[in-house]
Amino acid sequence: MEEIPKRNKRQISIDSKPRVQLGTGGFGSVFKGKYKGRPVAVKRVLVQNCNRNEEEAMKQLNHPNIVKLFHCESDKDFGYYALELCVASLDKLFLESDDPKKYNGPMPRQIDSFLQLASGNKIVVTLKWADFGLSKSVNERGTCSMSALKGTRNWIAPELLRPTLDGRECRGDIKSDVFAQGLVFGCIFLDGEHLYGSKQNKEEILKNIKEGNPVNMQKINIFLRNLYENDLLQKMLENEPITRITSTEVVKQLQSIKEKLTGKQEKLRQLCSGNSQFDLTGNIEELIQFQIDVNAKNVNGRNALHLLCRDNSSKNLTTAIQILIQSGIDVNAINGGKKYIRWINGFVV
C-alpha cells in the first residue's frame, strides 16, 4: 500500500489516512480523510500536475449529481483535494458477490440512474459524477482547449484522441461529455464491462473508440438493446461530434424511454389481472427484463402481485408469484388503501 510521505512544514488542513486507500489512477491516488471534521475523500496528485484554472472550475461545480470539491491545497510535493465522500464507486457494484468490497446496497432502476446522471433527478439513492481531471470552463462557443490532456483515456471521446491535421491542439466540448456519458451507460448495461473492449486491454479499447467500433454492444441484453441502442446509445456514441446527440436531447430520449417503460408496467398489470391464454410466466419474465418498476401501481393502488392473486387462476400462478417476488416486488404493499392478505400455496400477499 502506498504511503503518503510526511508533510513539509507548511500546515495542511486536509487530514488524510494513507492506509485507507480508496483508489488510484494515472494522475493520483485517493484516500479516506477528514476536512473540518467531516469525512471526505482526499485525492492526492503530484504538484506539477495541479492546474489552478481546473481547480477553480471544479469548485464552481455545485450539483446534486456531481461530487463536490470542498477545498484544495498543496505542499512542495503534492496537491490535495478534499472531495465529497460517497458510499461506493461504480466499480464496487460489479465486483464478485463474495468480494468484501462489493456494494450490496440499494440501487435505482437503470432508467432512473441514467436520468439522474443526465439531468440531475434526485431519488433515494443519488448517483454522482466524479474524477474531474478534465474539468475546464467552456468558452462562449461551448468549447475548451484540451492541452496537457488528463484523465483515463479509454473513457473519453474519439475527437480527443486524434491529432489535428494542422497541428493545433484538439478542443473538447459538451458533446465530448455526452460520449463519455454513453460509455458509463454502457458499463452499467454490461455489469462493469467496457463497450469498446476488455478492461485488461486498454490499447484495444482506444483503437476501437477511434474507429467507432463498440465491440461489446451485442452483449447487452437484447430487450434493453432494442429499447436503448438505436434511440440513445448509438446517438451518444457517434464518432463525429457534429452528428452526436446533445445533452438536452439525451434527457428527452431518456424521458421518452421512461414513458415506454411505464406502458410496459401497465402491460404487466393487465397480464396479471386476467386469465389470458398466453404464456403467463414467460411474458412476465420478458417484461421484467426491460428493467420496469414491478412495484408500480394502477389508479386503484394495486400492483402486479395484488392483481395476480386477486384475479388470476392460471395453472402457473405460483411460479408467476415467485418470479415477481424474486424481481423485488413488495409483498407488504398496501392494496387499494388497505391491507389485503391472501394465502396462495404458502405465499402471503
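Determine the shape class of region 198-283: with a ≥ b ≥ c the square roots of the Cα gyration tensor eigenvalues, call it rounded for a/c under 1.5, and otherwise prolate if a/b is greater than b/c, oblate otherwise.
Values: a/c = 4.39, a/b = 1.89, b/c = 2.32.
In terms of gyration-tensor shape, oblate.
Quick one: which residues, 5+ away or cross-chain, put their amide H under 5 Å from the amide H of GLY197? H built at 1.01 Å from N.
Those qualifying (amide H under 5 Å, at least 5 residues apart or on another chain) are VAL215, ASN216.
Go through LYS17/LYS76; LYS32/LYS76; LYS59/LYS235 and tell me which ones have a Cα-Cα distance over 26 Å in this structure. Intermediate values should be presented prior to the final figure.
Values: LYS17/LYS76 19 Å; LYS32/LYS76 21 Å; LYS59/LYS235 31 Å.
LYS59/LYS235, as the Cα separations exceed 26 Å there.
Quick note: the coordinates plus some simple rules give every number you see, no bench work behind them. Because the structure is predicted, anything quoted here is derived from the model rather than measured.
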